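Following: one structure in structure tokens, then a few remarks.
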Amino acid sequence: MVQEKVAITGNEAVALAMKQINPDVVAAYPITPQTEIVQIFSTYVSNGLVDTEFVTVESEHSAMSASVGAASAGARAMTATSANGLALMWEVVYIAASNRLPIVMPVVNRALSGPINIHCDHSDAMGARDSGWIQLWSENTQEAYDNMIQAVRIAEHPEVQLPVMVCLDGFIISHAMENAQVLPDEVVKEFVGEYVPQKTILDKDNPVTAGPVAFTDSYFEFKRAQSEAMIQAKPYILDVAKEYAKLTGREYGLFEAYKLEDAEIGIVVLGSTAGTAKNVVDKLRAQGVKAGLLKLRVFRPFPAEELSAALGHLKALAVMDRADSFNAFSGPVYAEVAAAMYDSGAQTKLINYIYGLGGRDVGLEDVETVYNHLARIAESGKVDQRLNYVGVRE
Amino acid sequence: MTLKGWRESTPGGWITEAGNALEYKTGSWRTIAPVYIPENCINCMFCWAFCPDDAIIVEDGKMVGINYDYCKGCGICARECPAKNKALVMGEGEEG
């Protein structure tokens, strides 16, 4: 199959994927840096290139509510958002997951207010980490495009039935032009297939109630079942990735291990910074430093066993968080990686670096700072300071 | 109603049988209960009309008693009963 190589921004690639997926309903409200996605998609609607019912709602709360309604009615529904828009959706984000509705939502990662800011960090999606959505993270435009197409299949898998966020870094990915390979429309159409909902509120022969009240005698059982869906989702995510790799040659896992196998020091990172960090790893390797990297793609479900198996041999590991938890302990990714490492019995020394908040640029030298710190810890066997910040003026 | 374990629960809590609210005995919420005094009843059907549930049992156009499976003990029937000597009064306990 011939894939077209195009120069395309992250937002354009996501909008293109949405066009090729041709969802039944898209309900969205503009917010920087996501706006372009639905703006471009609206032109596809206007030009008759998709069959989508495009709902221009009055807020993100309504965008997610309309998506929940559409998905309950058996539609393939999508929306897109960033930062404060995701925050305004909040209660309905949880409802989408608890009602087990396979909505797909690109989240163009942007710092949450305040102070108000429009640039990249991960505070928006990290805040939604306990909402019950699957989260796929993208390093670049290509991955954003590929994750979007896979997300539909993952969400709608009969054994999964959970909504999926496709995370891409605001501006760094969303607005930067990159080369990417895109699939022909009909190949995507065939890959995602026709959505056949297991039940819908519009089936008069099989009447159902969606989203009923569940009190003390049943809420817990529904939440336990919801948790099980997430626990069981990993193999289905990998199945979809395998099928997608056959089609495209591009392989995806729960994470990408980069020069990690024989590494002594390494970092865990999500999103576009992985690209910068790979450069640093290459440079350090050329100097004889055994550095490696793990780029987390699937943050929900959290691949604890797989992560600790891939990282447990390291002498020292830094988890890079592009969000702060303000818990006087660590960022969100660190806390979970540390828990996974502890459970596995790994002897690796762990530190946390919070970086890039509010779109603060992350240069090679910032990542080098982290690796240099790790090299000192690997040598001394002692962690001098767990919680660290890089790229902030002292 | 037998409560199901989580493995038997429907994904997302969807209800797939119509009318199964009948199995949910909301009478268990009751802390006080209406007591029916038939000799005072004038069969005006005010209690039937005002009951926010379906707890007033009517047979052949006549009030005959209270369905304690669903009566939540709100007391509206007793308050609205217009009979000179009330046919419905609120009492303590399971059935007044």
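Within the bounds of region B:36-47, is there any residue that is touching an Asp or Glu at 6+ places or on another chain (Cβ under 7 Å) and closer than 30 Å to A:Ala210 by Cα? For region B:36-47, residues touching an Asp or Glu at 6+ places or on another chain (Cβ under 7 Å) and closer than 30 Å to A:Ala210 by Cα: absent.
Reported count of residues in region B:1-45, each being more than 30 Å from A:Gln198 (Cα to Cα) and touching a Pro at 6+ places or on another chain (Cβ under 8 Å), is 2. Checking each residue in region A:200-228 for being touching a residue at least 60 places away in the same chain (Cβ under 8 Å) and either over 21 Å from B:Gly5 (Cα atoms) or among the acidic types (Asp, Glu) (or both) picks out A:Thr200, A:Ile201, A:Leu202, A:Asp203.
Taking the conditions (1) more than 13 Å from every other protein chain (Cβ to nearest Cβ); (2) under 30 Å from A:Gly358 (Cα atoms); (3) in contact with a Phe, Trp or Tyr (Cβ under 9 Å, 6 or more places away or on another chain) in turn, A:Pro163 satisfies each one other than (1). Picking from residues in region B:32-65 that are touching a Leu at 6+ places or on another chain (Cβ under 8 Å) and among the aliphatic types (A, V, I, L, M), the one that is nearest to B:Ala21 (Cα to Cα) is B:Val35.
Residue by residue, here is whether (1) more than 14 Å from every other protein chain (Cβ to nearest Cβ); (2) in a loop (DSSP other than H, G, I, E, B) holds:
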| position | (1), (2) |
| --- | --- |
| A:Met148 | yes, no |
| A:Ile172 | yes, yes |
| A:Pro197 | no, yes |
| A:Ile201 | no, yes |
| A:Lys204 | no, yes |
| A:Pro212 | no, yes |
| A:Ala225 | no, no |
| A:Pro235 | yes, no |
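Of all residues being under 21 Å from the mean Cα position of the chain (by Cα) and loosely packed, with under 11 Cβ neighbours inside 10 Å in region B:3-21, which is nearest to the other protein chains (Cβ to nearest Cβ)? Just the residue, please. Among those residues, the one meeting the criterion is B:Ala18. Considering only residues in region A:214-223 that are within 18 Å of A:Ala96 (Cβ to Cβ) and part of a helix (DSSP H, G or I), the one that is nearest to the other protein chains (Cβ to nearest Cβ) turns out to be A:Phe222.
Checking the conditions here, which among B:Arg30, B:Arg79 is modelled with pLDDT of 95 or more and either closer than 25 Å to A:Phe215 by Cβ or more than 13 Å from the chain's Cα centre (by Cα) (or both)? Can you show your working first?
Working: B:Arg30 fails: modelled with pLDDT of 95 or more.
Unique residue meeting the criteria: B:Arg79.
Just one of the listed residues (A:Val280, A:Val240, A:Val208, A:Val269) is away from chain B (no Cβ under 11 Å), more than 18 Å from the chain's Cα centre (by Cα) and surrounded by 14 or more Cβ atoms within 10 Å (Cβ to Cβ), namely A:Val280.
The values are calculated or read from the model by the stated rules, or taken from the named source; none is laboratory data. Bear in mind the structure is a predicted one, so any value in this text is a computation, not a measurement. Here Cβ is always computed from backbone atoms with ideal geometry, including for glycine, and neighbour counts include all displayed protein chains.
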